[in-house]
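Every read-out reported here was derived from the displayed coordinates using simple, explicitly stated rules and does not represent laboratory data. A quick note: this is a predicted structure, and the numbers were derived from the prediction, not measured. Here the Cβ is made from the backbone with ideal geometry for all residues, glycine too, and neighbour counts use every protein chain on show.
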Amino acid sequence: MAVNVLGLVAIAVFYVIILIIGIVAGRKSTKSNDAEELFVANRSFGLFVASFTTAATMVGGGYINGTAEAMGRDGMVWAIGPIGYNIGMAIAGIVIAPKVRRMEFSTIFDPFQQRYGNKMGGLLFFPELLGDLFWEAAILGALGTTLSIVLGLNMTMSVIVSACVAVVYTFFGGLYAVAYTDVIQLFFMGIGLVLAIPFAINNPAVDMSRVETSWTGTLEPAMIGVYIDTICMLIMGGMPWQALYQRVLACKSPALAQKATLLAAAISLVLAIPPAAVGAIGAATDWNATDFDGHIPLEYSQWTHIFPMVLQYLCPVSVSIIGIGAVSAAVMSSADSCVLATGSVFANNIYKNIFRPKASDREIVWVLRGTIVAVGAAGAAIALTVGSVYGLFILCADLMYVIQFPQLVCVLWLKCANTYGSFIGFFVGLFLRVAGGEPFLNIDSLINYPLYHEEYGQLFPFKTLSMLCSLFSIIGFSYVTEQLFTRDILSKKFDVFRCYTDNEDIQNPDDVDMERKEPLMTDKDQFRNGRYELRTQNNANSF
């Protein structure tokens, strides 16, 4: 296939514009060389920037291409990715966002390390790392297939160049660069996605009557367990992400964080409609009447390319180029968020808190930048070796649901939650999930849960079971160990995680409440000890 030179020039110009905007927007943070500004942009985001950057982070290439893939191949009943993720984001906005913003954390892993210790908090970083890598791979893979089909570019080169652009401006500008480029990219997305629909649907090869009875899809009774599992995973697995709370923590106030998250969920849900429509159009197309020379009817794996196929074969060249701009914008807006989120947690919670507590801001900044490059490269490598974009889009929420969600719930609301419970819950959830197998990664099952089918695999909602077992393990072991140590049933010399052993001496008399003869406790101190209570006034302002 010949390279579309006009399209190549247009995409190159778009990338240069985004790169310049990102670097210019990031100059504020690079001048100060302050790690806190790179992490949370000095907590300066208003409603407009906060909501737009959060929505743009959600609407990535996997979101667009994956929704079109699921809608076209399986029907609306299975195109539940955007619905689940946005419901989860809305719930997080109502319940979690004001609470964590009020505490002024730097990352969402701060509460884990303050409650459970730095090392346990560091262990909980790995599900986030894998989730971000799968997420980045999904969106880069979506862009790679789009550029290769529509412009005739080599997919490997497309993925590498796209990853490099996102990494470069994130490298220099941190959250400032990411947020302000997200705003521009969101407008590109909206225009490009909507513009393609009227041209595609009016193509002579498209007859929407072909999908009058099939566009809704079907849900076989045997698949109800899988369906429930998937919906729950998307809703609750979409709630613990650092990329979301990085924007929440950058808002000016808890109340604004709540409003921005809810508005972002509404925006991103609306932006799921155009790719869903494109998927339905692809299913209603007589591909024999187009220039498409692939296998007809479309094979299962071909549906992952349905969005770029509609752009290429059903739209004029100018419209397809604009559509590519939409996908490119979506990829940039999410890829930069992935690498920055992982880089922020590694630099702040792993490198600084565990290995180099006395590290300077300059050192932390360079660790952040090095991690951004490494994560960007790893995500690009995965994108070049996977099949279904929608599979990665769903899979990235998997461990976040089974492991991270129960951990987040317990650390924020369970006063007795401790390191023992967290540690056991982590491995209980991980074992039960991995033992169920994962066909997408060619992992065979060790446990055949109820309703197991030789051909279709696990039909029981075992991911939800794994999550619940992890949750109850955290609660149960935390409660038991608290009773053992606080009632002196077990000697504190066995408190290996030092949850109930206090060796800190009071150094400053000003830090002591002289009436009660005990140290004054800040909000974070109270949170660390499981005694943080929401104040009535804050409840009224935020909820």
Label point at Ile17 placed 7 Å out along Cα→Cβ; residues across segment 319-356 whose backbone nitrogen lies under 19 Å: 319-336
In the chain, lysine pairs closer than 21 Å at Cα, eight or more apart or cross-chain: 16
Förster radius 60 Å - calculated FRET efficiency between Ala377 and Arg487 (Cβ-Cβ, nearest 0.05): 0.70
Protection-proxy order for peptides 112-119, 245-252, 150-157, each taking the mean of Cβ atoms within 10 Å per residue, highest first: 245-252, 112-119, 150-157
Exposed-site-free run, longest, the chain (rule: GluC sites (Glu not before Pro); DSSP loop; at most 14 other C-beta within 10 Å): 300-453
Cα centroid of segment 396-452 to Cα centroid of segment 334-368, whole Å: 26
Extension gain (nm, one decimal) between Trp413 and Thr385, 0.36 nm per residue minus Cα-Cα: 6.1 nm
Angle in degrees between helix 254-270 and the longest Cα principal axis of the chain, rounded to the nearest 10: 20
On Cα atoms only, tilt of 361-383 relative to the major axis of the chain in degrees: 40
Distance histogram in 5 Å bins (all Cα pairs of segment 200-331, percent per bin): 2, 8, 13, 16, 15, 14, 12, 10, 6, 3, 1, 0
Rounded tilt (10° steps) of 5-25 against the dominant C-alpha axis of the chain: 20
Rh by Kirkwood over Cα pairs, then Stokes-Einstein D for segment 119-265 at 1.567 mPa s and 4 °C, µm²/s: 66
Per-residue ³J(HN,Hα) for segment 55-61, Karplus 6.51 cos²θ - 1.76 cosθ + 1.60, θ = phi - 60°, Hz, x for Gly and Pro: 5, 5, 5, 5, 7, x, x
Furthest towards positive pole of dipole, His453, Asn42, Ala142, structure part the chain, Cβ charges: Asn42
Inter-label distance, nm, simple model (7 Å from Cα along the C-beta direction), Arg498/Glu438: 3.4
Within the chain, helix-based [θ] at 222 nm, where runs of 4 or more DSSP H residues each add -39,500 (n - 2.57), nearest 500: -21000 deg cm²/dmol
Ranked by how many other beta carbons lie within 10 Å on average, peptides 255-266, 484-495 from highest: 255-266, 484-495
Test item: Cα-centred dipole of the chain, Lys/Arg +1 and Asp/Glu -1 on Cβ, debye: 1340
Relative contact order computed over segment 96-183 (Cα-Cα under 8 Å; 6+ residues apart), in percent: 12
Computed lengthening from Lys119 to Tyr479, 0.36 nm per intervening residue step minus Cα-Cα distance: 127.5 nm
Cα gyration tensor category, rounded, prolate or oblate, for segment 353-468 with a/c compared to 1.5: oblate
Inter-label distance, nm, simple model (7 Å from Cα along the C-beta direction), Val3/Ile273: 3.9
Per-peptide average of other Cβ atoms within 10 Å, ordering 327-333, 277-283, 215-221 highest first: 327-333, 277-283, 215-221
Residue-by-residue Karplus 3J(HN,Hα) for segment 282-289, coefficients 6.51, -1.76, 1.60, Hz, glycine and proline x: x, 6, 8, 8, 8, 5, 5, 8
Difference of contour (0.36 nm per residue) and Cα-Cα distance, Cys164 to Glu104: 18.4 nm
Distance in nm between pseudo-label sites at Ala266 and Tyr300 (7 Å out along the Cβ direction from Cα): 4.0
Positive-end residue, segment 5-389 charge dipole about Cα centroid, Cβ charges, pick of Thr57, Met189, Ile321: Thr57
Cβ-derived FRET efficiency at R0 41 Å, Ala289 paired with Ile354, nearest 0.05: 0.10
